[in-house]
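One structure is given below, encoded as structure tokens.
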Amino acid sequence: MRVFVFSIVFFSCGCLNEPNAVGIDLLPTSDYPLVKSDTVYANSDSLAYAFITSEVDSRMFVGNYQSYTAWSFVEFGFTGFDSYKSLPILAVKLRMKANYSFGGSASPLGVQLFATTQNWHSDSLMVDSLLSNPTAYYRNPVIGSTSAIASDTSWFEVPISDTAIVRRSIIQEANGLGDGVLLQPLSINGIKGFVSGNVQSVDERPKIAVTFDSMGVQVTREVSATKSRSLTHISSANLVQNSNLLYLQNGVAYRQYLGFDLSGIPIGSSISKANLEITLDSAASARNSYGSDSLVSYYLSNDNLPASTSLKVSTKKTSSGKHVYNVEVARYVQNWLIPIVTQRRLLLLGFSERTTLDRFAFYGKSWPDKTLRPRIIITYTPPPQHRSATP
Amino acid sequence: MKKILLVLLALGAPLLFAGGPIYTRYGYGDLLFYNGSRSYAMGGGGFAMLGDNFISRMNPASLSQIIRTRFSAGLDFSRYTTESTSGASTFMQAAFQGMALAVPLDKEYGIVFSFDATPYSAVSYTVGRSDTTLNSTQEYFGGGGLSTLNLGLSVSISPTIHFGAKFHYYYGRTNQLTKIDFSGSDRVDYSIDRSVYYSGLGLTLGSVIQDIGSFIQMPSLSKLDAGIILGLPATLQAREEVTSSVVSDTTFLSDGTSGLPLSFGIGFLYRPNERTNLVADLFTQKWSGVSLYSSLPNFKPQNSLRISVGVEFLPARDAVSYWQRVVYRAGATYNSTYNNISTQTNSNGEYVNGETITEALATAGLGLPISVDARLNLGLQAGVRGTLANGLQRDTIVRLSLSISGNELWFLRFDEE
């Protein structure tokens with residue numbers, strides 16, 4: 001028995017149980033993964049409108065610019081006014097903190113206010129709805145207006161001349177401002193963004209400041225917004241200026257479905273790398289530095305739904321003077337090669353879709369210069385095939 | 001017996017993390033030449049050995065003097081230290097040496113039937129590398145090998161001339177598993193599992209002529225026996241199955257054939273006294289021209305040659321002392337293997353300067369009595385294989401064989417003599 005135990009110890013001592021490189025040079029090269037690289041181009045694209053329920057967004061827009069229009073609703077909770085109910089109201093102002101500009105930032109922003117109905121929380125509400133049936137969402141007449149420069153980080157103020165409606169809000173009567181205020185743009189040279197009523201920091205939210213006369217002393221009391229919502233619109237016809245370009249429009253929003261012809265990649269291939277490259281036409285784009293200069297992509301399931309776990313964010317490089325956005329989509333392509341997968345498309349949208357109005361215009365699948373078309377560069381190992389006498 | 005079984009089970013455990021030399025990637029892997037526990041410690045030869053105490057796995061004519069039903073089984077335990085220009089690593093393996101059963105049917109005519117299951121070749125390697133091109137870790141594993149199920153029959157046409165035939169059923173698979181592990185989470189790790197399943201029939205003929213002196217009228221050679229074996233070429237059916245983790249529901253299949261060569265062996269046994277056996281053997285296989293299913297461009301099968309010598313010594317017959325009843329064995333073998341491997345290419349991309357892989361082993365062993373009719377045979381082989389030249393690798397090999405052979409009367413012939 002001692003001999004056996006000694007033998008086991010001797011044979012086991014120092015032995016390796018993990019692969020290492022000793023002998024790797026003797027491995028037949030045919031055993032190494034056969035790596036190929038191919039470029040596949042987009043063979044389909046589709047512009048898709050995405051309804052954004054912006055009641056959670058941190059920014060709200062007001063203004064007009066080119067074919068864009070942006071309206072906003074803000075809701076306030078009139079509480080804490082018990083000791084002020086009987087005091088005369090001297091002035092009322094809507095105050096909003098500016099933090100974004102799209103279009104003419106130096107132009108004054110003209111805006112008028114309306115008291116709203118509760119209906120503006122409706123999921124299906126769009127600017128078109130407001131225009132076609134305004135009384136369903138807000139009440140005439142105008143309760144306040146202004147036209148002023150809205151500088152970033154400064155507080156933009158709109159006087160509310162209808163103090164009676166404010167008093168009704170304070171004493172909790174009907175037809176007050178309890179259902180909110182609609183901000184309708186009057187100017188046409190730019191859209192401004194403001195901190196919304198949805199942000200965590202109450203101090204940053206829009207406010208209504210009410211100034212009372214308390215026995216000859218002016219006392220100002222503010223209430224902060226409890227909710228807000230933007231309705232931003234541009235028609236697809238106005239967005240798409242060139243049919244050979246692909247557009248992503250933040251804030252409205254418009255997204256792109258991109259499909260690819262993978263017939264050249266054998267089913268069963270192992271995808272080791274796949275990068276989507278999509279090139280920006282800067283001249284046809286409209287964007288500034290307020291938001292992230294990035295795209296987001298999603299893998300689409302067979303029923304055309306984006307899989308939330310598939311979110312990928314682009315990186316950017318410059319090639320021949322053009323901005324090329326790059327998204328790592330290896331897992332998408334791997335799934336696309338499963339025979340039961342019928343949907344070989346991805347969804348692209350702007351990273352700052354909910355907080356900016358950036359417009360991205362990319363060279364599309366029919367752009368004359370093929371090198372600028374959307375493409376995926378795929379590095380892969382073909383599936384095992386019969387290799388007679390050369391395994 | 002119980003202790004021995006426990007030991008055998010314990011020795012099987014290392015199979016869980018066996019690796020081995022990359023040479024086994026080529027052809028059918030390492031060819032094992034297992035002729036039995038007795039010859040293992042005598043350089044691996046012994047084609048001329050006869051007797052009731054020994055089931056020869058290679059020469060069916062050697063069965064003819066088995067007078068009692070006999071069995072044997074064992075384990076082979078190997079330790080490889082592999083050196084290459086990139087470093088050294090050590091592996092261990094444990095492998096079943098198979099089992100054999102011999103049943104005498106007619107003692108007068110030496111008719112003995114045998115059945116054995118014996119490994120023919122073994123594949124076992126583990127290597128890995130980091131690939132900066134794909135930014136991945138790649139691991140390559142090899143396993144499997146060929147085995148044989150054999151039916152043997154011997155007959156004696158005279159007291160000193162014996163013939164035998166053995167029918168082989170070759171079966172088994174060689175397997176290569178490749179694992180690619182990408183460093184980024186976005187990459188899809190995958191593995192490719194390739195197996196080639198082999199099956200086919202073969203035949204080996206053998207003869208042992210005792211007392212060569214009488215046979216050729218030279219009395220000075222009366223203590224010399226000779227054995228010859230001839231293995232006929234065989235064609236195995238090969239089925240390749242390849243699966244990938246990416247398409248786990250699909251198996252890629254292909255079929256073909258793969259050859260085994262003509263083989264020839266000759267061995268001599270000389271008995272200077274009744275307690276000593278000297279053996280010398282030569283075994284060659286005509287691998288050149290054999291078409292292998294798993295051929296590779298840098299691997300050229302070539303004719304192999306194995307030369308071995310050995311000695312076996314019993315201190316005393318009918319001794320009382322345990323250690324005087326122990327059989328002591330020693331030997332050596334040189335093997336020019338069928339592996340001719342090249343790592344260099346010419347300007348046309350063709351492999352050139354192929355190197356023959358040779359091995360040299362010294363052997364030793366003991367035959368330990370464990371009962372009246374059984375022995376535990378210990379065999380040790382140690383030596384080197386290969387070279388560091390031309391980008392190849394050198395293996396330092398230590399093998400231990402543990403086998404049990406039962407219901408035997410050792411050196412019965414000595415008593416009869």
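Calculated over region B:344-400, the projected area of the Cα convex hull averaged across directions stands at 5.3 nm². Measure out, as a whole number of angstrom, how far apart the alpha-carbon centroids of region A:20-89 and region A:316-357 sit. First find each Cα centre; the distance between them is then 13 Å. Report the local net charge at A:GLY251: Lys and Arg +1, Asp and Glu -1, summed over other residues whose C-beta lies under 13 Å from its C-beta. Net charge around A:GLY251: +4. In the protein assembly as shown, Rg over Rh equals 1.29, where Rg is the alpha-carbon radius of gyration and Rh the Kirkwood radius from pairwise Cα distances. Residues of region A:261-280 with the amide nitrogen closer than 16 Å to a label point 7 Å from the Cα of A:SER44, along Cα-to-Cβ, please. Within reach of a label on A:SER44, which here means backbone N under 16 Å from a point 7 Å along Cα→Cβ, region A:261-280 contributes A:261-264. Per-residue ellipticity at 222 nm from helix content only, as computed over chain A with -39500 (n - 2.57) for each DSSP H run of at least four residues, stands at -2500 deg cm²/dmol.
Which of B:ILE111, B:ILE341, B:ILE157 moves most in a GNM of chain B, Cα contacts under 10 Å? Looking only at B:ILE111, B:ILE341, B:ILE157, the biggest GNM fluctuation is shown by B:ILE157. Can you tell me the 0 to 90 degree angle between the C-alpha axis of helix B:2-12 and the longest principal axis of chain B, rounded to 10? Around 30 degrees separate the two axes. In chain A, the longest principal axis of the Cα atoms and the axis of helix A:2-12 are about 60 degrees apart. Considering only alpha-carbon pairs that sit under 8 angstrom and 6 or more positions apart, the relative contact order computed for chain A is 24 percent.
Of all lysines in the structure, those lying under 17 Å Cα to Cα from B:LYS286, and not within fewer than 8 positions of it along the same chain, are B:LYS300.
Counted by neighbouring Cβ atoms within 10 Å, the residues A:ASP179, A:ASP213, B:ASP30 run from fewest to most as A:ASP213, A:ASP179, B:ASP30. Both radii come from the Cα set of region A:105-251: Rg as radius of gyration, Rh as Kirkwood radius; their ratio Rg/Rh reads 1.01.
Which of the pairs A:LYS97/A:LYS317; A:LYS207/A:LYS312; A:LYS97/A:LYS322; A:LYS207/A:LYS316; A:LYS85/A:LYS192; A:LYS36/A:LYS316 have their Cα atoms more than 31 Å apart in this structure? Over 31 Å Cα-Cα: A:LYS97/A:LYS317; A:LYS207/A:LYS312; A:LYS97/A:LYS322; A:LYS207/A:LYS316; A:LYS85/A:LYS192.
Enclosing the Cα atoms of region B:93-229 in their convex hull gives a volume equal to 160 cubic angstrom per residue. Each Cα pair under 8 Å and six or more residues apart adds its separation to the average, and for chain B the resulting relative contact order is 17 percent.
FYI, it's all coordinate maths here, none of it is from the lab. Bear in mind the structure is a predicted one, so any value in this text is a computation, not a measurement. Every residue, glycine among them, receives a Cβ derived from its backbone with ideal geometry; neighbour counts consider all protein chains shown.
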